[in-house]
Amino acid sequence: EPAIIYDLGGKFDKSFNEAAYTGAQRWANETGGKYLEIELSSEAQREQALRRFAERGANPIITTGFAMADPVNEVSADYPDTTFVNIDGWIPEIPSNVAMIAFEEHTGSYLVGMMAAMKSESGTVGFIGGMDVPLIRHFGCGYAQGVKAVNPDATIIANMTGTTPTAWNDPVKGGELAKAQIAQGADVVYAAAGGTGVGVLQAAADEGVYSIGVDKNQNHLHPGSVLTSMLKRVDVAVYDSLKAGDALTGGSMQVLGLAEDGVGYAMDENNASLVSDEMKAAVEAAKAKIISGEIEVTAYYTNDSCPVLDF
Amino acid sequence: MDRLPQWADVFLIPLISVLIAFAISGLVIVGIGEDPVVAVQTMISGALGSTYGWGYTLYYATNFIFTGLAVSVAFHARLFNIGGEGQALLGGLGVALVCLAVDWPHWLVALPVAMIAGALFGAAWAAVPAYLQAKRGSHIVITTIMFNFIAAALLNYVLVNHLKPPRAQDPSSARFPSGTNLPTFQDMFSTAETTLFRGAPVNITFFIALIACLLVWLLIWRTKLGYQIRSYGQSEPAAIYAGISPVRITMIAMLISGGLAGMMAINNVMGEAEKLVLNAVEGAGFIGIAVALMGRNHPVGVILAGFLFGFLVQGGAELQFTTSIPRDLIVVIQALVILFTGALDNMVRIPLAKLFTRKGGA
Amino acid sequence: MDLETLLQVLDSTIRLATPLLLACLAGLFSERAGIFDIGLEGKMLAAAFFSGAVAYTTGTVWLGLLAGIAASLTLSGIHGLASITFRGNQLISGVAINFLASGMTVVIAEDWFRQGGRTPSLVGDARFKPIELPLSGIDIPLIGPIYTDLISGHTILVYLALLLVPASWWLLYRTRFGLRLRAVGENPAAVDTAGINVTGLRFAAVGICGVLCGIAGAYLATALQAGFVKEMSAGRGFIALAALIFAKWRPWHALVACLLFGLLQALSLRPDVVTAMTSFDVPVQLLDALPYILTVVILAGFVGKAIPPRAGGEPYVKEQ
Amino acid sequence: MTAVENQGQPSSAAPAIELKGISKAFGPVQANKDISIRVMPGTVHGIIGENGAGKSTLMSILFGFYKADAGEIFINGNLTQIPDSQAAISAGIGMVFQHFKLVQNFTVLENVILGTEDGAMLRTSLSKARTELERLSEEYELHVDPDELIEELSVGHQQRVEILKALYRKAEILILDEPTGVLTPAEADHLFRILDNLRAEGKTIILITHKLREIMHITDTVSVMRRGEMTATVKTAETSPEELAELMVGRKVLLRVDKAPAKPGKPILEVSNLQVTDEDGVKRLKGIDLHVRAGEILGIAGVSGNGQSALLHVLGGVTQATGEVKINGTPLPLTGPKANGRTRREAGISHVPEDRHREGLILEFSAWENMAFGYHHDPAYQSGLLMNNKAIREDTVKKMELFDVRPPIPTISAKSFSGGNQQKLVLAREIERDPDLLLVGQPTRGVDIGAIEFIHQQLIELRDSGKAILLVSVELDEIMSLSDRIAVMFDGKIMGERLPSETNETELGLLMAGMSGEAA
Ligand SMILES: Nc1ncnc2c1ncn2[C@@H]1O[C@H](COP(=O)(O)OP(=O)(O)OP(=O)(O)O)[C@@H](O)[C@H]1O
Ligand SMILES: Nc1ncnc2c1ncn2[C@@H]1O[C@H](COP(=O)(O)OP(=O)(O)OP(=O)(O)O)[C@@H](O)[C@H]1O
Ligand SMILES: [Mg+2]
Ligand SMILES: [Mg+2]
C-alpha cells in the first residue's frame, strides 16, 4: 500500500499539493488501488509522518515539497526496503531507495511569461511568489525571461509572500500583493504561491485583470480572468510513481521538462477566448525551440541570480 | 464559601473536569459522523500500543513537562507566564547556536552546554516582561503574549537570514554535528535481537525532565527561595511584611520559569529535529498552561498531566493516520480540557462543595 | 514616494486595518466592562469560518454574516459563563477559546467541505463587494484620486467599521448604557450599590464584543477574502489587543492605533516602498513584530501610561 | 440610665425602619445573629460595636447589598423585600459606605446620576442633575464642583458626593457607616451640621461609629452590637459613655492586668522626625518623635487612620520613610532595598502586624510553615541548601504548646484556626524570638476574653524580661491597662504623652480627637 505525504498547505491548496492528490486519485480510480495519505500541519511532523508510514510497511512513500527532502534523506536509511519519492527537493547524495523528481519550472514559466507579455496592454506584468526560496525564484526567473523575449521593454513587478511556509497558505496577503501590483499597472499577474495564489487570482478577477495559475490547471477558478496556468505535472509524477509501485527504484534524480510534458501551459474552454491563435502559435514555436535547444532559458540555480530580474 | 476536602480539590475536581471535557469531545466526534469508541481505541493503541507509540507519547510528554513546570513555577509566585511559547523558541535558538558553534566531540560534552544555553535564552526572553511587571507594573500576561509574537518574528529573521545554509530552500538551520546527537530510547533500550522505540524521538531528555521535576519540587517545597516564592504568590502584603522583596521574587520566578521553558529545546531541537526549524515549539508553551493547571502546579501533577497531553497529541496524530478524524480534533480536546479544568473550575466546584457540605451536615 | 504609491499603501492599510478595528472595538467594550478578553482571535476565527461556510452554502453573504456573528456570540457566551457567572480566570478562558476556535473550525470545515479545513471559494452574492461611492472617478487633482482610490471602493463592512468608531464613542460617553458600562469596569461595587445589575451589564458588554468580533471574522472570509482558510485570523486578534492597549481603551485612539498597525501590515507587503523610504533593507520580520514591540513600549509606561480599567480581569465577588 | 428594650418604644408613629430577626453568615462566620431594631422617623440612630461586630453587614443587608439568611425588613411599617440596592433606593434608603462606592475616574455629576439616569441619553440627566445638585449644595452646605473627577477630590469631599448621591435619589433614610473615621475634626463638625439639617428636614439617619463622643453629640437613640448580636438599644439622653462602653465590650469591670511597676532601662528605640508619604501623596506621618526603653511598654492610642499603621509599617520595614530611627543606638535604614522586614528582624525587632490575615499569616500555609514566616533565614531552620522542615515542625510544636494554640497540630492550615488561635500563632512566632523590641498592632482584635488575658500576660512577661514593647491599639482599655506610658496619635502626629496613672479615658479621648489635653 503506497502513501502520500502532502506538504503544509494541504491537499486542497488548488495548486501544488492538489496536483499530487489529483494524480493519486487518478491512479486509485484506474487501478482500484488504495493509498494512505496525510496532510502535514507543522514543520515538526515531517519525520514522524515518514516513520509512521514506513513502520506500517507503506511502499512507496511519496512526499511533496522540497522541505521533505531532508527528512526523507534521514529516514530512508532506517528503512532500506521502502522506496521514498520526493518531488521538488534536492539532496546532495541520493540514497538508493530514494527517487527524486524535479521539474524544469523555468521553461514552463517562460512560456506563460510570453503569453503574459503578449496579453498585457500596459507593458507591466506581475509575479507573486510564495515562500522566498530559490525554487520560486526559479519560477520567476523563467517567467521574466519569457516576458522579455516578447517585449524587452516590459516591466516585471515581482513580490514574495513571505519567508516561512505560511507563505504558501496566505491568500489574504496574496490578494493584497496582487492589488498592489495591479495598482502599479500590472495587468497580468502570475502566482507561483501554492494556496496563496487563490487570493492572487481572486484579486485579479475582482480588479478585472488577468492572472496566471500555477502547478495545476487553475483556469476554471475564474473563467475569463485566468489567462492560463503553468502546468507542473506533479499529478503525472505521482501517478507514475504509484503505477510503478514496488518496482520503483531510487538513487537518482529525474527531471521533467517540456519534452516530457512535465511542464507546460494549460488550455481549455475557460481560457480559449483569452488566448488568440497568434499567441498560441508563438508559444508553441518557442516550446519547440526550447526542446531543441535553440532557445536557452537560464535557470536561476545556475548562479543564484536571474539575468533579467532582481528579486 | 463551602470548603472541600483536599483530596477532592486535588483529584476529584480535575478528574470530573477532564471527564466532562472528554464527554463533550466524544459528542464532537459523533457530530462529525465518526465513532468515538473507535477513536479512543485508535488513540490508545497508537499512543500506548507499541514502544514506537510510547516513544512519541513520552517525547511529547517531555516537552509538556518542561513547559508545564515553567508555567507552574511562575504560578507559585502568582505570575501568569503565557510566554512559554516564545521562551521555548528562544531556548531553541540558544541550543542551536551551541550545537552549531563547534564540532562537538561527544553529546555528553555538548548537552550541558546546550542546556545552559537553552535555559539562558529562555530566561532572557522572560526577563524583560518580568522586569516590566516588577518595576513598572506592566501586566505580565499581555507582555508575555507580545513577546511570543516578537520571538516568532525574531526566530524567523535569524533562521532565514543567518542560520539557513546557503542554497537551502526551507528556513531551517544546518543539521547539528553528530557529536550533538542525543541517545534515543532506541539507542538505550534496544537489544541485539529486538529494536525497541524504533525511530521514535524520545531521548535522554525525558530523564532530564524528570530530574527537573524533582529539582522544581525541591526548589518550591524544600528551599528558602521556594518558600519565598510561595509566600509572595499567596500574599504580597504578607511577603513584604516578612521582608521578601516582590521585585526580586518576580524576577527570579520568571527567570526560572523562562529557563525551564527554554530547556525544552534540548528535547525538540537537539533531541528530535537535530536542527532548528521554524515553529519548533508547536504550541507546547500554551499546552504547558493546561498541564500546570491540571497538575495543580505540583511536579507530580505536571508529570501526569504532561503524560495525558502527550498521549492526546500522539493519539491524535494516529487518528489522522487511520481514521478520517482530523488531527485538529486534539486541539479541540485540549481546549476543552483547559476550559473545564481552568476557567470553569467553579462550575464543578460549587455543586461539589454543596454536595460535601450536605453530606457533612447530615 | 509618489501619490499613487502612497494611495495604494493607504488603500491597503484601510482594508487591513478594518478587521483590527472591529476586533479592537470588540475588546474595548468587553474590557471597559472589566472583562479581559484574549479570546478575540478565536472569536474572529470562528466567525470567519461560519460566515464563509454559510455564505457558501446559502449563496447569501448576509446570512453568512449572521452565522459568523452567531458563532462569535456563542464563544462570548462561554467566556461570559466562565468569567462572570462562574468567576473563573478570564485569561485562561480566553486561551481555551482560542484553542477551541482553532481546532473546531478545522474539524467542522473538514467534515463539512472535505477540503483540508477550508471552505470553497465564494462567488457572486456570497461575498461582500466593493462599493463605488457616488462621484467616484471625478477629475479633481489630488482630491479626485484620494476620493476615488482611497475613500471609495471598499466593502460595506469597512464603512461600517469606520462608522462604529464614533458610534462606540457616542454609546460609551453619551448614553446611560455607556456610563454604566464604563462604571462597571472601574468599580462594580459602585454600580451594584447604585441598583444596577452587574452581571447583566457585563454580559451585555461581552455580547457586544461577540457581535463585533463576528463582523471582524466575517470581513476576513467574505470581504477581504473569498472563503475561509485555516488559521486565517493569523494573529489579528492579538494585534487588536495590542492596539487596544495602545489606544488606552478609547474609541478614537483605537482608530488611530488600528490604522497604524494596519499601515505596518500594509508596508510589510511592500518591501519596495519601505526600502525606498528608509533607504536600507528593513527586514519584513521587524515590520511584523513592530505592533507588538510598540505595545510593550506603551505598556512599559515610557510613552504615557496605559491604565487599564481598574476592575479589569477580576471577577466581581460580593461575598466569599 | 436604663437600657430600654427596643420593643418597649411607644408605637405612636410607625418606625421608619424596623428589622426583625436578621441573620447573616459568611461561610463559618456568623456576622449577624437574629438582630431586631427599630428606628423612628426624624431621628438619628447610632450603632456602635467592636470591629467585626457586624455593623456594616447589617446595614449592607438593609441596603440590599447583601441578602440576609433570615429576617424581615419593615419600612415605614410596611414589610419590604430588599433583594438588591435598587429596591432599597426605591424604598427611600441611601447609604454612605465605609469604603466609598464611587467611580474614581468619573466626575461628581456622573457618579451622582449613575443608576438614576433619566432616559437613555445622558445629556438631559446631566443638566437636570447639575441644577438639582446646585440646589442640594445650597440647602445642605454640601459644596462640590460637579465637574471634578472623584480621584481629584479629598476624602471629605468624596463623602459629600456620597451624601449627595443619596439625596439626589430622594433618600428619606440615610445610613452612614463610620463617616468620621476618615475626616478631619473640622470636616467631621461640618458633617454633623449637615446631619442636623437633614434631621430637621424630617429625614431618618443611621450612624455607625466607634466614637462615643459623636454618639453622645448627635444621636437620639443608640444600639450596641457585639459579636454579631444586638446587645441593647438605649436613648442617648439616658445613657453615658461609660455605660455604652460596657455594653460594647460586654463586661462590667474593665479588665485590669496585674503588673508590677516598670523598671525601664536604656532606650532601645529612638525615633526622631519620622515622616511618611503614601503612594497617593498623602502625608501619613508628619514628624514623629518618640522613644521606648528596655522593660517598658509604650502604648499608642488613637482613632484608626491617624498614622499608627504607618508607624508600625515603617518600624517593621514594610514602608519607606524619612527621618531617623535608632535601635540600640544604631540607625536603621529607612529607604532603599535595605529597609525591609528582614534587616529589621536581624536588628532585633519583632513585629506582630495589625492585620494578621493580610500580613501576619499566609492563610493557605500550615501552622508550621507560618512559624518560619519572616524567619525563614534562621540558620536553625536550614540544613544545607534545603530548609530543615523537621526542625521547623518541632519548633512549632514547642511554641504552640507554650502559647496554648488549639488545636496544637502544626500541619493544619492557618485559615482553619479560629481568630484567637491565629493571633496566638503570630504572637508565639514573634515573642519567642526574644526580640529587643516588639512591635504589636491590635494584639487582641477579634480575640475572645480568655485569649486576651493570655496575650496580655505574655506581653507583660516580655516587658518584665527587659524588652521594649511598642503597642498600638484602638482599644483604650487595652492601652490603659498595658502601657507604662501612653502616646496619643492624631493626624500623623503625637498629640501628647501621658502616664496611665495620671490620665483618664476622657482626656485621652479628647487627645485622640485632636484637642489638646489642657482643655479637658
Ligand atoms: N464579604 C464578606 N465575606 C466574608 N466575611 C465577611 C464579609 N464581610 C464581612 N465579613 C465578616 O463578617 C463579620 C462582620 O463584619 P462587619 O464588616 O459587619 O463588621 P463591622 O462591625 O462593620 O466592623 P468594623 O467596625 O471593623 O467596620 C466579620 O467577621 C467579617 O470578617
Ligand atoms: N474551617 C475550619 N476547618 C477546620 N477546623 C476549624 C475550622 N474553623 C474552625 N476550626 C476549628 O474548630 C474549633 C472551633 O473554632 P471557632 O472558630 O468556633 O473557635 P472559637 O471558639 O471562636 O475560638 P477563638 O475563641 O479562639 O476564636 C477551633 O479549634 C478551630 O481550630
Ligand atoms: Mg464596618
Ligand atoms: Mg473566634
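The values are calculated or read from the model by the stated rules, or taken from the named source; none is laboratory data. Quantities reported herein were computed from a predicted structural model and do not represent experimental measurements. A quick note on method: Cβ atoms are made from the backbone with ideal geometry, for glycine too, and the neighbour counts reach across all protein chains shown. The area values use the complete protein model at the heavy-atom level, side chains included, leaving out ligands, DNA and RNA. Shrake-Rupley method; radii C 1.70, N 1.55, O 1.52, S 1.80 Å.
Note on the stretch D:32-249: Cα-only Rg and Dmax are 17.2, 55 Å. Across the stretch C:100-158, Cα-Cα pairs farther apart than 17 Å form 60% of the total. Applying the Karplus relation 6.51 cos²θ - 1.76 cosθ + 1.60 with θ = phi - 60° to the stretch A:122-137 yields 3J(HN,Hα) values of 7, x, 10, 10, x, 9, 10, x, x, 6, 6, 9, x, 4, 6, 5 Hz, where x marks Gly and Pro.
Within 10 Å of the Cβ of each residue in D:123-129, the mean number of Cβ atoms contributed by other protein chains is 1.
Give, to the nearest whole percent, the P(r) tail of the stretch D:140-233 beyond 16 angstrom, counting all Cα pairs. Walk me through the numbers on the way to the answer.
Values: 2539 of 4371 pairs.
The share of Cα pairs beyond 16 Å in the stretch D:140-233 comes to 58 percent.
Take the alpha carbon gyration tensor of the stretch D:89-168, find the square roots of its eigenvalues, order them as a ≥ b ≥ c, and report rounded if a/c is under 1.5; if not, report prolate when a/b exceeds b/c, else oblate. In terms of gyration-tensor shape, rounded. So for the stretch C:37-109, considering every pair of alpha-carbon atoms, how many percent are separated by more than 22 Å? That fraction is 23 percent. Axis of helix A:46-55 versus longest Cα principal axis of chain A: the two differ by about 40°, to the nearest ten degrees. The mean number of Cβ atoms from other chains found within 10 Å of a Cβ in peptide B:218-230 is 4, as a whole number. Volume per residue of the convex hull around the Cα atoms, evaluated for the stretch B:182-318, comes out as 127 Å³. As a length-normalised measure over Cα pairs under 8 Å and 6 or more apart, the relative contact order of chain B settles at 35 percent.
Computed over the alpha carbons of the stretch A:82-131, Rg followed by Dmax gives 17.0, 53 Å.
Buried accessible surface for the B/D pair, both sides summed and rounded to the nearest 100, is 2100 Å² with a 1.4 Å probe.
Pop the C-beta distance of D:Asp464 and D:Glu502 into the FRET formula with R0 = 30 Å and round what comes out to the nearest 0.05.
On the way: r = 22 Å, r/R0 = 0.74.
It comes out at approximately 0.85.
Which order do the peptides B:262-271, D:199-208, B:328-337 take when ranked by the mean count of other beta-carbon atoms within 10 Å per residue, highest first?
Values: B:262-271: 31.2, D:199-208: 19.4, B:328-337: 25.4.
Highest-to-lowest ranking by the protection proxy: B:262-271, B:328-337, D:199-208.
With a 1.4 Å probe and every protein chain kept in, tell me what percent of the accessible surface of the stretch B:7-158 is carbon plus sulfur. Answer for the stretch B:7-158: carbon and sulfur cover 75 percent of the accessible area. Cross-link partners of A:Lys243 among lysines, defined as those whose alpha carbon lies under 28 angstrom from its own and excluding same-chain residues fewer than eight positions apart: A:Lys11, A:Lys14, A:Lys34, A:Lys216, A:Lys232. Stretching D:Ser418 away from D:Asp34 to a fully extended chain increases their span by 136.0 nm, per 0.36 nm per residue minus the current alpha-carbon distance.
In order along the stretch D:289-304, the Karplus-derived 3J(HN,Hα) couplings, from 6.51 cos²θ - 1.76 cosθ + 1.60 at θ = phi - 60°, round to 10, 6, 8, 10, 9, 4, x, 9, 10, 9, x, 10, 9, x, 6, 4 Hz, and Gly and Pro are given as x. Each residue, A:Asp304 and A:Met253, gets one label point 7 Å from its Cα in the Cβ direction; the gap between the two is 1.6 nm. Computed over all pairs of different Cα atoms, the Kirkwood value for the hydrodynamic radius of the stretch B:56-307 is 18.1 Å. Among B:Phe66, B:Phe149, B:Phe121, the largest mean-square fluctuation in a Gaussian network model of chain B (Cα springs under 10 Å) belongs to B:Phe149. Relative to the longest principal axis of the Cα atoms of chain C, helix C:40-58 runs at roughly 60 degrees. If every alpha-carbon in chain C counts as one equal scatterer, what log10 I(q)/I(0) does Debye give at q = 0.07, 0.13 1/Å? So the normalised log intensities are -0.28, -0.96. With q set to 0.16, 0.19, 0.21 Å⁻¹, the log10 of I(q)/I(0) for the stretch D:298-409, from the Debye formula over equal scatterers at the Cα positions, is -0.90, -1.12, -1.22.
The local environment of D:Gly360, defined by Cβ-Cβ distances under 9 Å, has a net charge of -1 under the rule Lys, Arg +1 and Asp, Glu -1. In terms of overall dimensions, the stretch D:186-317 has a Cα radius of gyration and Dmax of 20.1, 61 angstrom.
Please report the net charge: other residues with Cβ closer than 12 Å to the Cβ of B:Glu34, K and R +1, D and E -1. Kindly include the intermediate steps, with their values, before the conclusion.
On the way: positive: none; negative: B:Asp35, C:Glu110, C:Asp111.
Summing Lys and Arg as +1 and Asp and Glu as -1 gives -3.
Relative to the longest principal axis of chain A, what angle (0 to 90°, nearest 10) does the C-alpha long axis of helix A:277-292 take? Tilt relative to chain A: about 50 degrees. For the stretch A:68-82, list residues with backbone N below 12 Å from a point placed 7 Å from the Cα of B:Thr195 toward its Cβ? Only A:75-82 pass the distance filter.
With the highest mean first, a sort of the peptides D:100-106, C:27-33 on other beta-carbon atoms found within 10 angstrom per residue produces C:27-33, D:100-106.
Using helices alone, what [θ] at 222 nm do you get for the protein assembly as shown, with -39,500 (n - 2.57) per DSSP H run of 4 or more residues, divided over all residues and rounded to the nearest 500? List each step's numbers first, then the result.
On the way: 52 runs with 730 residues, N = 1513.
The helix contribution divided over the protein assembly as shown gives -15500 deg cm²/dmol.
Dimensions of the protein assembly as shown along the principal axes, based on C-alpha atoms and rounded to the nearest Å, stand at 124, 81, 62, largest first. Kirkwood radius for chain D, taken over all pairs of different Cα atoms as the inverse mean of 1/r, rounds to 24.9 Å.
Antiparallel versus total DSSP beta bridges in the protein assembly as shown: what percent is that, nearest 5? Restricted to the protein assembly as shown, the bridges split so that about 40 percent are antiparallel.
Neighbouring Cβ atoms from other chains, within 10 Å of the Cβ of residues in C:264-274, number 3 on average. Per-residue extension of 0.36 nm, minus the Cα-Cα distance of D:Thr322 and D:Ala260, leaves a gain of 18.7 nm for this segment.
Candidate membrane-span-like segments in chain B, meaning DSSP H helices with Cα atoms spread over at least 20 Å of their own axis and a Kyte-Doolittle mean of -0.5 or above, are B:13-31, B:51-76, B:84-101, B:107-136, B:140-158, B:205-222, B:246-263, B:299-322, B:345-361, with no membrane implied.
Working note: Debye formula, equal point scatterers on the alpha-carbon atoms of chain A, no solvent; log10 I(q)/I(0) at q = 0.16 Å⁻¹ is -1.25. Direction-averaged projected area, Cα convex hull, the stretch B:26-101: 8.2 nm², rounded to one decimal. Computed from the Cβ-Cβ distance with R0 of 56 Å, the FRET efficiency linking A:Arg26 to C:Leu150 stands at 0.70.
Shown for the stretch D:373-479: lysine pairs separated by 8 or more places, or found on different chains, whose C-alpha atoms are under 20 Å apart, numbering 8.
Using the per-residue mean of other Cβ atoms lying within 10 Å as a proxy for protection, in what order, highest first, do the peptides D:299-310, C:90-101 fall? Let's see the in-between values first.
Working: D:299-310: 23.0, C:90-101: 27.2.
Top to bottom by mean Cβ count within 10 Å: C:90-101, D:299-310.
Can you pick out the pairs among D:Lys165/D:Lys286; A:Lys119/A:Lys280; D:Lys20/D:Lys55 whose Cα atoms lie more than 23 Å from each other? Walk me through the numbers before you get to the answer.
Values: D:Lys165/D:Lys286 33 Å; A:Lys119/A:Lys280 11 Å; D:Lys20/D:Lys55 15 Å.
Listed pairs above 23 Å: D:Lys165/D:Lys286.
Across chain D, the mean sequence separation of Cα contacts (distance under 8 Å, 6 or more residues apart), normalised by length, yields a relative contact order of 14 percent. Electrostatic bookkeeping for B:Asn297 treats Lys and Arg as +1 and Asp and Glu as -1; over the other residues with beta carbon under 12 Å from its beta carbon, the sum is +3. Rounded to the nearest 100 Å², what's the accessible area chains D and C bury against each other, both chains counted, probe 1.4 Å? Summing both sides, the interface buries roughly 2100 Å².
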